[in-house]
Amino acid sequence: MTGRAASVIALAGALGVLAFAMVILSLTSMKAAIALAPVLFAASLMILNPMAGLLLLVVFAHLDAIASLASGPLPVSLYKLLTAITIIGVVLASRDKPRQERLGPPSPTRSLALLFLLWMLLSAIWARDNGMSREFLTGIAGSMVLLFLITWLVDTPARLKLLVWALVFTGLVSAIVVILDTKLGVRLVATEAAATTAQFDGVERSSGASNYNPTTASHMLLATTVIAGILFVGYPRHRWFSGASLVLGLAALVFTLARSATLALLATLVVFAWNNRRHPKFPMFLLIGVAAMLAALPLLPDIFWQRMGTIFNAGLDRTLFRRLSYNLIGLDLIRQHPVLGVGPGNYPLYYVDDVYRWYPGRNPEPRQLHNSYLEVAAESGLVALGLFLGAMLSALRAAVEAARARIPEISPMARALAYGLGAFLVASVFMPNEDTKFMWILPGLCVAAAELARKTDPGGG
């Protein structure tokens, strides 16, 4: 049986389930039956075209608050449903491929990511709280599957561009929501406590169209804004769109009051300037850039400067002392458990241990280690950290190589992704982002861009 035939059978089966479900539901609730019909029909179509499901997964990875609102009438979250549908579609479509290609093109990033997940599973065996480890592993596995779906499905330049522009679109939407939230003093779409309770000096901080906390949401916005900026500079098509996303994204980043995103953005600008220092027009562009930054300084609100000022005066914001304690406790746990760590997701248990009660700024409530790399090492050991860094850096290197290949329609996307991933990795020094979806979407796209460049470039094999 071919993959196409299997897909048709799956579609027929799904339509049969739809008809049966509607009959059963109509006996109890006609409204529920009517609401279920378009959902199951759309699911059936996405099984035939899993790329559509992947597109929605990438979009809702950033706009998760909107996905959460749409999940209301569903028995499971919309994101989990889309993930399951996309995986089923990929499995069925794989039957059309040669056996050696059914798992997608091989890459160091995919291999290292898989080994990273397996090592965490090993670490979980000796965790103090196996339940917390299972919950954490379920979450990170759900995010990591995006890496494999992307590298399997993104097999044409058109698909790569579609997902890159989708990321820019999500950044534009979230930026608009951040600005409106801040100006109107409301929460347009966010509903989770993490996204609706954060504030600084009495000023509420917006997460935009995400239910993540404002700092994590700002890291996603940072990545999409950087991608938009690199495309604006180096890719003439749709410049109106990338330009609007860049301007609104920068404005929204200011309103998030996120110190880590600001520092990562500045680091990205320095790297970009250094990489382009030999460009014939570099002095002129540098002058224009500095002039634009100086002109924008008076437009920045006072609360932004107050927030940034806490970097140099921790007494203005006690959360900096708490962040210091996160890292100190993490380093001590690494010293005690260097090989397997304390178990995935178990750091919060040790954070509230009495032995650490005198650490500066420590709260008695369980908290994650606000540093992706230290958290991976503390919870799963130094081997896991090496595998995690290997996966991320190999993806970054792959994107850089694809950018240098100078292949139209591929290299500009690869360059934007390389800067976006780099900015996100820098920002992750300050937050536990290893289990967020962006941490695995960006490397997946980098690897896909590199594979497309290798196939297109005659000298790439």
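Of note:
- Enumeration of residues in the stretch 353-362 that are in a loop (DSSP other than H, G, I, E, B) and modelled with pLDDT of 90 or more: 353
- For the stretch 423-459, a residue qualifies if it is surrounded by fewer than 23 Cβ atoms within 10 Å (Cβ to Cβ) and among the small types (Gly, Ala, Ser), and exactly one does: 459.
- The residue list 160, 221, 180 contains one member that is in a helix (DSSP H, G or I) and without any contact (Cβ under 8 Å) to a residue 12 or more places away in the chain, which is 180.
- Residue among 193, 198 that alone is of a type in the set (A, V, I, L, M), in contact with a strand residue (DSSP E or B) (Cβ under 9 Å, 6 or more places away or on another chain) and free of Cβ contacts under 8 Å to residues at least 24 places away in the same chain: 198
- Restricting 375, 409, 379, 365 to those that are modelled with pLDDT of 95 or more, acidic (Asp, Glu) and farther than 20 Å from residue 263 by Cβ reduces the list to 379.
- Of the candidates 242, 218, 210, the single residue that is crowded, with 23+ Cβ neighbours inside 10 Å and either over 17 Å from the mean Cα position of the chain (by Cα) or in the same structural domain as residue 61 (by TED's automatic domain parsing) (or both) is 242.
- The stretch 291-303, residues that are hydrophobic (A, V, I, L, M, F, W, C), surrounded by 11 or more Cβ atoms within 10 Å (Cβ to Cβ) and at pLDDT 85 or above: 300, 303
- Those residues of the stretch 260-296 which are over 25 Å from residue 312 (Cα atoms), assigned to a helix (DSSP H, G or I) and among the polar types (S, T, N, Q), in sequence order: 275
- Comparison of 348, 412, 408 shows that the only residue that is surrounded by fewer than 22 Cβ atoms within 10 Å (Cβ to Cβ) and assigned by TED's automatic domain parsing to the domain that holds residue 455 is 408.
- So residue 325, is it surrounded by 15 or more Cβ atoms within 10 Å (Cβ to Cβ), assigned by TED's automatic domain parsing to the domain that holds residue 306 and of a type in the set (Ser, Thr, Tyr): no
- When 85, 34, 24 are checked against the criterion of being within 27 Å of residue 155 (Cβ to Cβ) and either at pLDDT below 65 or not assigned by TED's automatic domain parsing to the domain that holds residue 145 (or both), 85 stands alone in meeting it.
- Subset of the stretch 297-323 [assigned to a loop (DSSP other than H, G, I, E, B) and among the polar types (S, T, N, Q)]: 310, 313
- For the stretch 68-82, the condition of being farther than 22 Å from residue 416 by Cβ and either in contact with a Pro (Cβ under 8 Å, 6 or more places away or on another chain) or at pLDDT 95 or above (or both) holds for none of the residues.
- Of all residues in the stretch 337-380 being among the aromatic types (Phe, Trp, Tyr) and farther than 17 Å from residue 117 by Cα, the one that is farthest from the chain's Cα centre (by Cα): 358
The values are calculated or read from the model by the stated rules, or taken from the named source; none is laboratory data. Small disclaimer: the values here were computed from a predicted structure and weren't measured. Cβ: placed from backbone, ideal geometry, glycine included. Neighbour counts: every protein chain shown.
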